Amino acid sequence: GEDVEQSLFLSVREGDSSVINCTYTDSSSTYLYWYKQEPGAGLQLLTYIFSNMDMKQDQRLTVLLNKKDKHLSLRIADTQTGDSAIYFCAETDSGYSTLTFGKGTMLLVSP
Amino acid sequence: NAGVTQTPKFQVLKTGQSMTLQCAQDMNHNSMYWYRQDPGMGLRLIYYSASEGTTDKGEVPNGYNVSRLNKREFSLRLESAAPSQTSVYFCASSEALPADTQYFGPGTRLTVL
């Protein structure tokens, strides 16, 4: 079955760049996603990438996809304290009917 | 638009009690999902409904039942609650299958004593 792995915790200083990494196992994944969860709230889609792309940039966010290594990363430029949250990587299953989420990476941004 | 709403926000049950978690969306989405979130386990899919009138099991369906009441509403029922079902439950919806953005509700925090 599908499995998505993420490191559990990342701490950065305000203004630095943050890089959150994810590895996945389903080689047939077509879409890969990054979701953000703020304390006490549900998940919110940040961005997604189609598997035929290597990179996607959206304002401060850059997603890099290495399909050969099944590695996905999310870079947040000029990280702010408001970026402190849990970030989830997710992939579609081969039938595109469900998402498999990683366990989440807690990002802590200190002033 | 309220998006995805869930009731209740908090609930405490005793072992063996039953309850239904309600979820509604006003975005005319076809697909709806129920997840549970546990510390260190991430989000795990319980059940989903790809379209009105259909439901399918996810990763962790045991101990739960669902009803897709109409296009807007998707409920999750615990027939005989167990302490292992203590969790935060999230409902989500998407226009079609998950290739579309999933929109999440605020969650229901359930404690089973």
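Here, each number is a calculation from the coordinates, and none is a lab measurement. Every value quoted in this text rests on a predicted model; they were computed, and no experiment measured them. Heads up, the Cβs are rebuilt from the backbone with ideal geometry, glycines too, and the neighbour counts pull from every protein chain shown.
Given a cut-off of under 8 Å on Cα pairs at least six residues apart, what relative contact order in percent is computed for chain B?
Details: 298 pairs, mean separation 40.2, N = 113.
Once normalised by length, the contact order is 36 percent.
Between B:THR86 and A:MET106, with labels modelled 7 Å along Cα→Cβ, what's the label distance in nm to one decimal, could you check?
1.8 nm
Given A:LYS103/B:LYS9; A:LYS36/B:LYS9; A:LYS67/A:LYS103; A:LYS70/A:LYS103; A:LYS103/B:LYS14; A:LYS36/A:LYS70, which pairs have Cα atoms separated by over 25 Å?
Values: A:LYS103/B:LYS9 23 Å; A:LYS36/B:LYS9 20 Å; A:LYS67/A:LYS103 21 Å; A:LYS70/A:LYS103 17 Å; A:LYS103/B:LYS14 28 Å; A:LYS36/A:LYS70 21 Å.
Check vs 25 Å cut-off fails for A:LYS103/B:LYS14.
Other chains near A:43-50: what is the mean number of their Cβ atoms within 10 Å of each residue's Cβ? Working shown, then result.
Details: counts 10, 4, 6, 0, 0, 4, 0, 1.
Averaged over the peptide's residues, the number is 3.
With +1 on the Cβ of every Lys and Arg and -1 on the Cβ of every Asp and Glu, and nothing else charged, how large is the dipole of region B:1-109 about its Cα centre, in debye rounded to the nearest 20? Walk me through the intermediate numbers first.
Working: 10 positive and 9 negative charges, 73 e Å.
Using Cβ point charges on Lys, Arg, Asp and Glu, region B:1-109 gives about 340 debye.
Quick check: Cα centre of region A:1-54 to Cα centre of region B:53-103, how many Å?
23 Å
Once the other residues with Cβ under 10 Å from the Cβ of B:TYR64 are scored (Lys, Arg +1; Asp, Glu -1), what is the net sum? All intermediate terms of the calculation are to be shown ahead of the outcome.
Numbers: positive: B:ARG36, B:LYS57, B:ARG77; negative: B:GLU79.
Here the charged neighbours net out to +2.
May I ask for the percentage of alpha-carbon pairs in chain A that lie more than 24 Å from each other?
Details: 1162 of 6105 pairs.
That tail contains 19 percent of the Cα-Cα pairs.
When DSSP assigns beta bridges and you keep just the ones with both residues in the protein assembly as shown, what percent turn out antiparallel, to the nearest 5?
Details: 72 of 81 bridges.
Antiparallel bridges: around 90 percent, rounded to the nearest 5.
Using label points projected 7 Å from each Cα along Cα→Cβ, tell me how many nm separate A:LEU8 and B:ASN28, to one decimal.
Placing both labels 7 Å beyond Cα along the Cβ direction yields 4.5 nm.
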